[in-house]
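The structure appears right after this line, and notes come after that.
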Amino acid sequence: MKYHFTYLMALMLIFTGYSQNNNQQVLVENSKVKPKLVVGIVVDQMRYDYLTRFYDKYSDGGFKRMMNDGYDCKNNHYNFIPTFTAPGHASIYTGTTPKYHGIIGNNWYDKVEKKSVYCVNDDSFNPVGTEDKYSFVSPRRMLVTTVTDQLKLHTQQQSKVIGIAMKDRGAVLPAGHSANAAYWFVGKDEGNWVSSDYYMTELPKWAQDFNTSDAVEKYLKTWNTLYDINTYTESGPDLNNFEKGFKGKETATFPYDLKKLSKDNGNFDILKETPFGNSITTDFVLAAMKGEQLGKDDVTDFLTISYSSPDYIGHNFGVDAKEIQDTYLRLDLDIERLLNYFDAEVGVGNYTVFLTADHAAVHVPAFLESLKIPSGYFDNKTFKAQLDAFLIKKYAAADLVEDIGNFQIFLDRNRIAQLNLNLQEVQQSIVDEIIAYDFIERAYSAHTMHNTSFNGGIESLLQNGYHQKRSGDVLVSFNAAVISYSRKGTTHGSGYLYDTHVPLLFFGKGIKTGSTFQKTDIIDIAPTISALLGISFPNASTRVPLEFVLD
Ligand SMILES: [Zn+2]
């Protein structure tokens, strides 16, 4: 009898085991089916704590849906300096830092061309759909491939890749070198979505139709808070001393009559500085989804979206403003609108989304000062004057500094050679001099960057942001909460946590439900998405996939 029982048990176990294996096999097979669409969402200047601070006021279908049904990496950071828009976007999609992808700033001093260059400016290509003299654009200063390029290579160019953002750099860098299109917004008198002949000779009909409709103009209306302003208890008083506001309005307080204010604030450009910029971006994204039939066949398409407006609004009003709270409550509804559209048109479970930011931002230092928290303002003019005086005294030369920008000093190497000076020595003498200046916390020479391998701290962030060919001769880091900016509004760029800590949410096909406080870096995203798609990693990617988020 006993024997019989055990025998039955064994049979049952074998049977259960067998059926479990069978289920597993079905799961594995399902997970091999690629998502029809991958969507990368970057929110320009979104701090991690905007997810938690405004959590109770968010709808169930936007940020919260991604946080609760997807995977929430709560301790995700930039691992390089400077934390600016162009290096941020390039790093998300290349899976490496400026050290390798070469996008060392939004603008930087080009040592060969001997002039300041813009990250996506390229005079060999012409604007499409605009008369704007700044829209000569390509991704060619980015030196390596993106995850979007790798998808194109993997599918013999059958995948469609489209980048959309109000800022050209937010559209062009994520879409990569081989994209079908990148679109950005020209405000001014135009109010149109435009592109470059790097991608196309004319705008597709759906984009032309969008531009000729009243889709943009209808947002030149009054910006008031979405809900009763008295319920916005997660932000400071509307009237305070730390916000810039708009030209033509005395106080930075609600409501804002945008039609009236547009005349003094760049016409359609004013929309970029309001949450309606996010809605216009969402409207255009949905028009692109429909016009290009993205996610409609079995070849994976990739849509990159960057919401630029939160950055303009953050610079203007700061981290604690009612305007910021309103922007995120409204963006939440735009995200919900996007997800609902993907559910309906691509299908629940057929698409994958990730959401992150290109950098975060510091509290307005003048506000921190009022709370006795260490902070301050670095004055570039005084710095330049002090440095010049030192170089004249030490080397009897007033013209050794060619440029100062992105926390780097560029020296005139020809002049140094002419004067028979030793470059390394000049670099080090500047480091030793400026470390005594107010608000300069650390300084390193390019020589040190070449000859030391840093494994942690601010110095390793500087090293990850240092490109041997493009970067300057001396690298500087300020004290915490010190910025070079006006006393109203705020900025970003440092390696402190207020600038590096950004959201990272994965959601949809192939993604587990869960969350972690384990530290992740921004450059982990591209290899993770590559792994999900079963494609090669971007060619200079310096990380491995976040296995724990993948199903
Ligand atoms: Zn910014």
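The values are calculated or read from the model by the stated rules, or taken from the named source; none is laboratory data. In this text the structure is predicted, and so the values were computed from the model without any measurement. All Cβ positions, glycine included, derive from the backbone under ideal geometry; neighbour counts span all protein chains shown. Surface accessibility is based on the protein's heavy atoms, side chains included, excluding ligands, DNA and RNA. Shrake-Rupley method; radii C 1.70, N 1.55, O 1.52, S 1.80 Å.
Structure summary
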read-out: Residue identified as in contact (Cβ under 8 Å) with a residue 12 or more places away in the chain, in contact with a Gly (Cβ under 9 Å, 6 or more places away or on another chain) and either among the basic types (Lys, Arg) or closer than 24 Å to TYR93 by Cα (or both) among LYS249, LYS244; value: LYS244
read-out: Selection count where residues are in contact with a Lys or Arg (Cβ under 9 Å, 6 or more places away or on another chain) and either assigned to a loop (DSSP other than H, G, I, E, B) or open to solvent by 80 Å² or more (accessible area, probe 1.4 Å) (or both), scope segment 196-232; value: 7
read-out: Per-region count, segment 37-57, residues open to solvent by less than 10 Å² (accessible area, probe 1.4 Å) and more than 11 Å from the chain's Cα centre (by Cα); value: 6
read-out: Subset of segment 491-529 (residues that are surrounded by fewer than 21 Cβ atoms within 10 Å (Cβ to Cβ), of a type outside the set (Gly, Ala, Ser) and not in a helix (DSSP H, G or I)); value: HIS501, LYS512, THR513, THR516, PHE517, GLN518, LYS519
read-out: Selection within segment 418-460 - open to solvent by less than 20 Å² (accessible area, probe 1.4 Å) and either modelled with pLDDT under 95 or within 18 Å of ASN479 (Cβ to Cβ) (or both); value: VAL431, ILE434, ILE440, ALA443
read-out: Output for segment 168-193, where each listed residue is more than 13 Å from ALA288 (Cα to Cα) and either more than 20 Å from the chain's Cα centre (by Cα) or open to solvent by 10 Å² or more (accessible area, probe 1.4 Å) (or both); value: ASP168, ARG169, HIS177, SER178, ALA179, GLY187, LYS188, ASP189, GLU190, GLY191, ASN192
read-out: Total residues in segment 320-346, condition under 20 Å from the mean Cα position of the chain (by Cα), farther than 30 Å from GLN293 by Cβ and surrounded by 24 or more Cβ atoms within 10 Å (Cβ to Cβ); value: 4
read-out: Residue satisfying all of: in segment 465-484; over 21 Å from VAL117 (Cβ atoms) and of a type in the set (S, T, N, Q); least open to solvent (accessible area, probe 1.4 Å) among these; value: SER477
read-out: Any chance TYR50 is within 16 Å of the ligand (Cβ to nearest atom) and either part of a helix (DSSP H, G or I) or at pLDDT below 50 (or both); value: yes
read-out: Boolean, THR490 is among the β-branched types (Val, Ile, Thr) and within 16 Å of the ligand (Cβ to nearest atom); value: yes
read-out: ASP358, sole failed condition from (1) outside any loop (DSSP other than H, G, I, E, B); (2) in contact (Cβ under 8 Å) with a residue 40 or more places away in the chain; (3) more than 30 Å from VAL33 (Cβ to Cβ); value: (1)
read-out: Residue match in segment 254-269 (condition: in a loop (DSSP other than H, G, I, E, B), more than 16 Å from the ligand (Cβ to nearest atom) and of a type in the set (A, V, I, L, M)); value: no
read-out: Breaking point among (1) touching a residue at least 60 places away in the same chain (Cβ under 8 Å); (2) hydrophobic (A, V, I, L, M, F, W, C); (3) farther than 13 Å from HIS467 by Cβ, for ILE103; value: (3)
read-out: Any hit, segment 75-97, residues being of a type outside the set (Val, Ile, Thr), surrounded by fewer than 24 Cβ atoms within 10 Å (Cβ to Cβ) and within 16 Å of the ligand (Cβ to nearest atom); value: no
read-out: Identity of the residue in segment 105-124, open to solvent by 40 Å² or more (accessible area, probe 1.4 Å) and in contact with a strand residue (DSSP E or B) (Cβ under 6 Å, 6 or more places away or on another chain), that ends up farthest from PRO174 (Cα to Cα); value: SER116
read-out: Test: residue in segment 145-154 that is surrounded by fewer than 22 Cβ atoms within 10 Å (Cβ to Cβ) and either at pLDDT below 95 or in contact with a strand residue (DSSP E or B) (Cβ under 8 Å, 6 or more places away or on another chain) (or both); value: no
read-out: Residue that is most open to solvent (accessible area, probe 1.4 Å) [pool: residues in segment 285-316 that are assigned to a loop (DSSP other than H, G, I, E, B) and away from the ligand (no atom under 16 Å from the Cβ)]; value: ASP298
read-out: Residue list for segment 62-74, restricted to those being open to solvent by 20 Å² or more (accessible area, probe 1.4 Å) and assigned to a loop (DSSP other than H, G, I, E, B); value: LYS74
read-out: Any hit, segment 342-359, residues being in contact with a His (Cβ under 8 Å, 6 or more places away or on another chain) and within 16 Å of the ligand (Cβ to nearest atom); value: yes
